[in-house]
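The values are calculated or read from the model by the stated rules, or taken from the named source; none is laboratory data. Fair warning: this is a prediction, and the values are worked out from it, not measured in the lab. All Cβ positions, even for glycine, are placed from backbone atoms using ideal geometry, and neighbour counts span all protein chains on display.
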Amino acid sequence: MKPTAIALGVILCLTVADAVHSQQHRQSSSSRRRRRRSSPKPNSADCGLATKLMSEMVDLRAELNAMKKGAREMEEEILTLKKETETLKAKGLPFEVDYRDKTVLLVGWNLKVLASEEDEGVREPRKMPPTCKEDCGKGNLIVGRRHRYSGAAESFFSGYGHNAEGYGHAFLGGHHNKAAHAHNAIAGGYTNVASGESGFIAGARMGKTGKLASTIVGGFGNTCNSSLAVVVGGKDNVVKLSASYSVVIGGVNNLMLSTAWPSAIFGGQSNLINHNGSGVIMAGYNNTLMTMHAFTVGGASNMINSPNARHSGMVGGIGNLLAGWGVGEGNLVMGGHMYNASSYEPGTWGRKDKEYEIVPITWKPANVPPPTWKPPQ
């Protein structure tokens with residue numbers, strides 16, 4: 001009940017009581033004498049009315065006291081808010097709000113976002129777990145929709161529908177890319193996965209990186225799973241584990257396996273570099289290098305597969321082969337079809353006493369004297 005209505009009710013009740021009291025005084029003197037001679041009998045209606053009025057007056061007084069207390073509390077809160085406002089005005093917030101353009105400006109200040117109050121500098125990927133723990137879902141800057149960041153910390157999201165787990169990732173545009181572990185960056189593209197440390201994918205589709213600082217730029221379905229290796233463009237090219245510092249540029253379905261030295265494949269299709277590495281394949285189809293410091297240019301199904309045939313090369317041709325322990329260094333195959341310079345003769349284990357120069361028409365041993373060799377004692 002509102003205080004105004006209660007007050008009006010009290011006034012009405014008091015008026016009625018006063019009228020009743022006046023009416024009793026106007027009664028005849030005989031009636032008053034008879035009442036004196038006889039024992040007075042209380043009127044139950046008058047007693048009930050008086051009791052009700054007293055109860056309502058007590059309730060009204062309690063409500064008024066409560067209202068006074070509430071008013072005092074509100075005055076104290078208003079004073080507190082005024083003091084806080086004056087303090088904030090005195091400090092001067094760095095943000096400027098433009099309500100017309102719905103823009104928040106931060107001029108001359110830095111904006112720092114952390115997952116916790118402890119700022120210990122750059123997190124070392126190899127010193128932390130691949131997924132976050134107590135700081136999951138904190139310290140992230142989110143731009144765009146449908147991102148999943150509950151397992152990420154201190155990461156940046158833009159674009160649409162990205163998913164991150166771990167620390168310090170960055171998504172620049174693109175959609176439905178995924179990053180795991182730590183400090184990976186994906187710029188554009190879609191359905192790419194960066195799961196190593198400090199990896200980078202730019203403008204690709206279905207690219208996959210792993211290990212430390214592996215990179216994919218463009219292309220479709222490329223995989224770079226070796227530290228400090230690069231795949232640029234092309235389709236379904238693969239750099240596997242332990243082929244560090246190697247590069248594949250363009251081409252289709254080229255494969256870089258385990259190499260001890262940096263190697264490179266430029267274009268072509270289904271070419272392979274394996275074993276010691278530091279070789280180069282330029283274009284061609286289904287060519288294979290399995291020795292150090294060798295190369296092939298063009299051609300198809302050519303192979304250098306001799307551990308001793310270092311510094312050798314093939315230019316063009318189809319199905320040519322350099323293989324065996326007996327093949328020496330510095331061989332050159334130019335053109336031709338199905339020329340075989342293999343050497344598996346008995347007693348040639350570990351010897352480099354045959355060097356071949358193969359030309360499209362014929363081949364013969366190079367005019368180089370064999371080295372002096374004696375069996376071990």
Quiz item: Looking at Ile201, is it buried (at least 19 other Cβ atoms within 10 Å of the Cβ), among the aliphatic types (A, V, I, L, M), over 16 Å from the mean Cα position of the chain (by Cα) and within 26 Å of Ser263 (Cβ to Cβ)?
Solution: no
Exercise. Look through Gly151, Gly166 and report the one residue that is surrounded by fewer than 18 Cβ atoms within 10 Å (Cβ to Cβ) and not in a loop (DSSP other than H, G, I, E, B).
Key: Gly151
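Does Ser263 satisfy the criteria of being at pLDDT below 95 and buried (at least 19 other Cβ atoms within 10 Å of the Cβ)?
Numbers: at pLDDT below 95: yes; buried (at least 19 other Cβ atoms within 10 Å of the Cβ): yes.
Criteria met by Ser263.
Identify the residue in the range 169-180 that is more than 9 Å from the chain's Cα centre (by Cα) and not in a strand (DSSP E or B) and, among all such residues, is nearest to Val231 (Cα to Cα).
Step one: filter the range 169-180 for residues more than 9 Å from the chain's Cα centre (by Cα), giving 172-176.
Those still in the list that are not in a strand (DSSP E or B) too: 173-174, 176.
Numbers: Gly173: 21, Gly174: 19, His176: 21 Å.
Among those residues, the one meeting the criterion is Gly174.
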Quiz item: Just checking, which of Gly159, Gly174 is modelled with pLDDT of 95 or more, surrounded by fewer than 23 Cβ atoms within 10 Å (Cβ to Cβ) and touching a strand residue (DSSP E or B) at 6+ places or on another chain (Cβ under 7 Å)?
Solution: Gly159
Exercise. Taking only the range 154-168 into account, find how many residues are among the aliphatic types (A, V, I, L, M) and over 8 Å from the mean Cα position of the chain (by Cα).
Key: 0
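What do you reckon, is Thr191 out of contact with any Gly (no Cβ under 6 Å at 6 or more places or on another chain), of a type in the set (Val, Ile, Thr), modelled with pLDDT of 95 or more and in the same structural domain as Glu154 (by TED's automatic domain parsing)? Steps first, answer last, please.
Values: out of contact with any Gly (no Cβ under 6 Å at 6 or more places or on another chain): yes; of a type in the set (Val, Ile, Thr): yes; modelled with pLDDT of 95 or more: yes; in the same structural domain as Glu154 (by TED's automatic domain parsing): yes.
So Thr191 passes the test.
Of all residues in the range 184-198, which are in contact with a helix residue (DSSP H, G or I) (Cβ under 8 Å, 6 or more places away or on another chain) and either surrounded by 24 or more Cβ atoms within 10 Å (Cβ to Cβ) or not in a loop (DSSP other than H, G, I, E, B) (or both)?
From the range 184-198, those in contact with a helix residue (DSSP H, G or I) (Cβ under 8 Å, 6 or more places away or on another chain) are 197-198; that's our starting set.
Residue satisfying the conditions is Glu197 alone.
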